[in-house]
Amino acid sequence: MDLFKHIRNHVIAQVEALASEGAIKGENLPLHAISVDPPRDASHGDMATNAAMVLAKPAQMNPRAIADLLVPRLAALPEVKAASIAGPGFINLRFSNDFWLRTITDIFDEGIGYGNSDVGAGIQVNVEYVSANPTGPMHVGHARGAVFGDALALLLIKAGYDVTREYYINDAGAQVDVLGRSAFMRYREALGENIGAIPEGLYPGEYLKSVGEGLAQKYGRLYLDRPESEWLSVCRDFAIEAMLVMIKDDLAALGIYHDVFASERSIVQSGKIEEAINVLSGKGLVYTGVLEPPKGKKPEDWESRPQMLFKSSEFGDDIDRPLRKSDGSWTYFAPDIAYHYDKYLRGHTVLVNVWGADHGGYVKRMQAAVNALTGGKAELDVKLCQMVNLMEDGVPVKMSKRAGTFVTLREVVDEVGKGVVRFIMLTRKNDAPLEFDLKKVTEQSKDNPVFYVQYAHARTRSVLRNTTAEMPDAVKALGQLTTEQLTLLSHPAELALIRRLATWPRTIESAAQAHEPHRLAFYLQELAAEFHALWNLGKENVDIRFIVQDNLPLTVARLALIRAVS
């Protein structure tokens, strides 16, 4: 049970009762805006509600007058120990210990399902993440977006959304032709030719050697002396397929799997670009015009000539955007428009794109396109992930044994483990820079957030093992745990830990709705801190140790708390 939502329902019920009695007047009272949250200052109470504040204007009443009506009603609730008014009209609530103790039984009953929510109401969400060009192994910078996107997808699933995890393969641009030419170099090498240094502009990584060998094994010397027009598409497609196998393998090492791999080339060849542009044209949003020259650096899609333009400025973009180049081909924006329209046609009304920070200038135009195409029925939230600075004992790491020019994701996962990578990538908000030190993330110290959280879990398991050895009856009694037994948990540090456990369901919902999975890593660090604090108090005061040899009921109650934390 989400105790905060439980109390919010009580607050709304009392507001509705006062409204039905005529004590609070006004139509369409904004009940949805009523919130119940922990107060900023813990000394003010256990929860605070803004009900009087949000109702004041529509009810044309002083917020304190509304609070005066609500406080006695809320104070009469069996869970509430005290209710008071603070400031201009906030209502602070304090609860009995029994109210918080039900958290432990909820966790026992629900297990890892504790915190599952239906707030998503089955809304179809498409989370597109990674989407690295299929031109080589993934580098460590991709890890952040990969982890962020995957954690967000799993979080949304837990919150009741219908989620599709998607990877967009950029397999239609010039970069994959470069890949094809690079693969052809390795093909020649595999057939015994001395190719010398890889020419500038091609991909030099040794990961393409196996691609060349595969081409040689499949085609022999067939393409060795043929013109590029005959071998480029063959080498390109073979290399893309090989790169995708490599990328999927790297992602699997990080515990990441996608539901859909969408192809840009397929979008281009299927006529979906024309379909999407026709939709925009039908709405009067496509015209032929000349863009003003931009101030400062010119974008690559700007041309001083009449162009087919999309009226993206009508939907919040800075300027209108070109759809065709001077040679008649589509700009890179056009297939992206079609791709996002395709997502919408597949039933997704919430689109989340996880991009690198260098794509920040592309956000407004893409959001404008989604808004225009769907008539506002779909929303696009773009999450930009800042750079990852890879360090080792404070020294930047830049070279790779595998790729030659960058450190691959797989090298980092193999070095420190997928759990460490996943957790560290969420220890900062996605739009803040992140430093990943290979040595610090594996050291056993409280300064390492991974160890700090893992150590809390290890300590809970240690207590359970020791109790099994020293007081086996206490462990057996956990199977018949009663709420009455839990009332023995009365120390402020124990109750603080229980209150932290009680905030998990609302953390899930708020993190899911804000598309911010880093909140879960933050929560776990806070929970670990509360637990370590209680552990340390027990070292100083024998009365609050977890195992009390001559007090079976108290030991059982504390074991229940330990298992709930675990």
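Being under 25 Å from TYR161 (Cβ atoms) and of a type in the set (Val, Ile, Thr) is true for just one of ILE562, ILE508. Which residue is that? Outline the logic, then answer.
Details: ILE562 fails: under 25 Å from TYR161 (Cβ atoms).
None of the other options fit; the residue is ILE508.
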* When the residues of the range 176-198 are filtered to those that are over 15 Å from VAL234 (Cβ atoms) and touching a helix residue (DSSP H, G or I) at 6+ places or on another chain (Cβ under 8 Å), which remaining residue is least open to solvent (accessible area, probe 1.4 Å)? -> ILE195
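So that you can scan it fast, the table gives a plain yes or no per residue for (1) surrounded by fewer than 20 Cβ atoms within 10 Å (Cβ to Cβ); (2) among the hydrophobic types (A, V, I, L, M, F, W, C):
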residue: MET53; (1), (2): no, yes
residue: ILE66; (1), (2): no, yes
residue: ARG102; (1), (2): yes, no
residue: ILE107; (1), (2): no, yes
residue: ILE112; (1), (2): yes, yes
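Here is a yes/no grid of residues against (1) part of a loop (DSSP other than H, G, I, E, B); (2) over 18 Å from LYS383 (Cα atoms); (3) aliphatic (A, V, I, L, M); (4) touching a Ser or Thr at 6+ places or on another chain (Cβ under 6 Å):
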position: ASN126; (1), (2), (3), (4): no, no, no, yes
position: ALA132; (1), (2), (3), (4): yes, no, yes, no
position: THR135; (1), (2), (3), (4): yes, yes, no, no
position: HIS142; (1), (2), (3), (4): no, no, no, no
position: LEU152; (1), (2), (3), (4): no, no, yes, no
position: GLY160; (1), (2), (3), (4): yes, yes, no, yes
position: THR164; (1), (2), (3), (4): no, no, no, no
position: TYR168; (1), (2), (3), (4): no, no, no, yes
position: LEU179; (1), (2), (3), (4): no, yes, yes, yes
* Asked: Which residue pairs have Cβ atoms under 7 Å apart, sit 6 or more places apart or on different chains, and have a first residue in the range 76-92 that is touching a residue at least 40 places away in the same chain (Cβ under 8 Å) and farther than 15 Å from PRO39 by Cβ and a second that is open to solvent by less than 40 Å² (accessible area, probe 1.4 Å) and assigned to a strand (DSSP E or B)?
  -> GLU79/PHE95
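For residues in the range 114-136 being of a type in the set (Val, Ile, Thr) and open to solvent by 10 Å² or more (accessible area, probe 1.4 Å), which is farthest from THR503 (Cα to Cα)?
Filtering the range 114-136 down to residues of a type in the set (Val, Ile, Thr) leaves 119, 123, 125, 127, 130, 135.
Of the ones still in play, those that are also open to solvent by 10 Å² or more (accessible area, probe 1.4 Å) are 119, 123, 130, 135.
Details: VAL119: 16, ILE123: 24, VAL130: 31, THR135: 44 Å.
It comes out as THR135.
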* Asked: Can you name every residue in the range 126-164 that is at pLDDT 95 or above and polar (S, T, N, Q)?
  -> ASN126, THR164
* Based on what the data block shows, is GLU494 open to solvent by less than 70 Å² (accessible area, probe 1.4 Å) and in contact with a helix residue (DSSP H, G or I) (Cβ under 8 Å, 6 or more places away or on another chain)? -> yes
* Asked: Taking interchain pairs and intrachain pairs at least six residues apart, which have beta carbon atoms under 8 angstrom, with the first residue in the range 440-454 and farther than 16 Å from LEU426 by Cα and the second open to solvent by 80 Å² or more (accessible area, probe 1.4 Å) and assigned to a helix (DSSP H, G or I)?
  -> GLN444/TYR455
* **Elements of type helices (runs of 4 or more DSSP H) in the range 444-490, at least 1 residues being surrounded by 14 or more Cβ atoms within 10 Å (Cβ to Cβ) and touching a Lys or Arg at 6+ places or on another chain (Cβ under 6 Å)** => 449-470
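Conditions (1) among the hydrophobic types (A, V, I, L, M, F, W, C); (2) open to solvent by 20 Å² or more (accessible area, probe 1.4 Å); (3) touching a Cys at 6+ places or on another chain (Cβ under 6 Å), marked per residue:
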{"position": "ILE498", "(1), (2), (3)": "yes, no, no"}
{"position": "PRO505", "(1), (2), (3)": "no, no, no"}
{"position": "ILE508", "(1), (2), (3)": "yes, no, no"}
{"position": "ALA514", "(1), (2), (3)": "yes, yes, no"}
{"position": "GLU526", "(1), (2), (3)": "no, yes, no"}
* Residues located in the range 282-302, provided they are at pLDDT 95 or above and surrounded by fewer than 15 Cβ atoms within 10 Å (Cβ to Cβ) -> GLY282, LYS283, GLY284, TYR287
* Answer from GLY201, GLY214, GLY205, GLY255 - the residue that is on the phi > 0 side of the Ramachandran plot and either surrounded by fewer than 13 Cβ atoms within 10 Å (Cβ to Cβ) or more than 28 Å from the chain's Cα centre (by Cα) (or both) -> GLY201
* **Residues (touching a residue at least 12 places away in the same chain (Cβ under 8 Å), assigned to a loop (DSSP other than H, G, I, E, B) and open to solvent by 10 Å² or more (accessible area, probe 1.4 Å)) located in the range 318-347** => ASP318, ILE319, ASP320, LYS325, SER326, TYR332, ARG346, GLY347
* Any idea which of VAL234, VAL245 is open to solvent by 70 Å² or more (accessible area, probe 1.4 Å) and either assigned to a strand (DSSP E or B) or under 30 Å from LEU191 (Cα atoms) (or both)? -> VAL245
* Scan the range 530-551 for residues that are over 15 Å from LEU488 (Cβ atoms) and open to solvent by 40 Å² or more (accessible area, probe 1.4 Å) and jot them down. => GLU530, ALA533, TRP535, ASN536, LEU537, LYS539, GLU540, ASN541, VAL542, GLN549
* Asked: Filter the range 303-316 for residues that are surrounded by 13 or more Cβ atoms within 10 Å (Cβ to Cβ) and farther than 13 Å from ARG365 by Cβ; which is modelled with the lowest pLDDT?
  -> GLU303
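How about the range 1-115: which helices (runs of 4 or more DSSP H) wholly inside it have at least 2 residues that are more than 30 Å from ILE157 (Cβ to Cβ) and of a type outside the set (Asp, Glu)?
On the way: elements: 3-20, 51-59, 63-75, 97-110.
So the answer is 3-20, 51-59, 63-75.
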* Structure fact -> Going through the range 24-40 in order, the residues found to be over 13 Å from ALA52 (Cα atoms), in contact (Cβ under 8 Å) with a residue 12 or more places away in the chain and open to solvent by 40 Å² or more (accessible area, probe 1.4 Å) are GLY26, GLU27, ASN28, ASP37, PRO38
* Condition test on GLU415, is it within 28 Å of the chain's Cα centre (by Cα) and either surrounded by fewer than 19 Cβ atoms within 10 Å (Cβ to Cβ) or more than 30 Å from THR105 (Cα to Cα) (or both)? -> yes
* Structure fact -> ALA146 fails exactly one of (1) of a type outside the set (D, E, K, R); (2) surrounded by fewer than 24 Cβ atoms within 10 Å (Cβ to Cβ); (3) touching a residue at least 24 places away in the same chain (Cβ under 8 Å), namely (2)
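The values are calculated or read from the model by the stated rules, or taken from the named source; none is laboratory data. Source: prediction; values computed, not measured. Counting neighbours? That spans all protein chains shown, and the Cβs are built from the backbone with ideal geometry, glycine included. Just so you know, the surface numbers come from the protein's heavy atoms only, side chains and all, with ligands and any DNA or RNA stripped out. Shrake-Rupley method; radii C 1.70, N 1.55, O 1.52, S 1.80 Å.
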